[in-house]
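Below is one structure, written out as structure tokens; comments come after it.
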Amino acid sequence: MKKIAMSLVAASTFLLPMLAFAADLKINIPNVKNDSGTISAALWNTATGFPNDGAPVKVQMDKAKTGQNFLIFKDLEPATYAISLIHDENENAELDSNFLGIPTEGYGFSNDATGSFGPASFEDSAFQVEDKDLQIEISIIY
């Protein structure tokens, strides 16, 4: 009996981390200025390449609607994430900018983080997803 109990304790030590719960993340975007193009959100789990040069974990997009928009990332494992989003008005799959490098389309980051002379950092944009559904709001900067 003692051997069975010890085996169950040992097995649970290795199996419990594999039973992590997945959560849905709903993003509320309250201030889309027009219905041109798409709203695209990239979900990141590392600072490497954030927000321009890396590979996000997931991407969600939907047709832009004037006013309030929502995007949902489903079945996320508990972890630290950050989101970058753009209002791609001309649907060319990139954030357009002028000759000085200043964006001419809307963009935003989780925590409504901003950067000085560039994009917000992963650290400033980071938030925690745990084992329950979560809703956050990101305002677009135009």
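The values are calculated or read from the model by the stated rules, or taken from the named source; none is laboratory data. Worth saying up front: this structure is predicted, and the values here are computed from it rather than measured. Please note: Cβ atoms are built from the backbone with ideal geometry, for glycine as well, and neighbour counts cover all protein chains shown.
Structure data summary
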| item | result |
| --- | --- |
| Residue that is nearest to S36 (Cα to Cα), among those in segment 104-116 that are out of contact with any His (no Cβ under 6 Å at 6 or more places or on another chain) and outside any strand (DSSP E or B) | T104 |
| Strands (runs of 3 or more DSSP E) within segment 24-103 that include 2 or more residues among the aromatic types (F, W, Y) | 67-76 |
| Residues of segment 15-32 satisfying the condition of being of a type outside the set (G, A, S) and at pLDDT below 95 | L15, L16, P17, M18, L19, F21 |
| Residues located in segment 87-113, provided they are in contact with a Pro (Cβ under 8 Å, 6 or more places away or on another chain) and touching a residue at least 40 places away in the same chain (Cβ under 8 Å) | F109 |
| Residue, farthest from the chain's Cα centre (by Cα), within segment 40-78, restricted to residues that are in contact (Cβ under 8 Å) with a residue 24 or more places away in the chain and on the phi > 0 side of the Ramachandran plot | G67 |
| Residue in segment 77-101 that is surrounded by the fewest Cβ atoms within 10 Å (Cβ to Cβ), counting only those that are within 25 Å of T48 (Cβ to Cβ) and of a type in the set (A, V, I, L, M) | A93 |
| Some residue of segment 117-129 being exposed (fewer than 13 other Cβ atoms within 10 Å of the Cβ), in a helix (DSSP H, G or I) and over 11 Å from the mean Cα position of the chain (by Cα) | yes |
| Close pairs from segment 130-142: first on the phi < 0 side of the Ramachandran plot, partner among the hydrophobic types (A, V, I, L, M, F, W, C) and outside any strand (DSSP E or B), Cβ under 8 Å, at least 6 apart | D131/A20; D131/F21; K132/F21 |
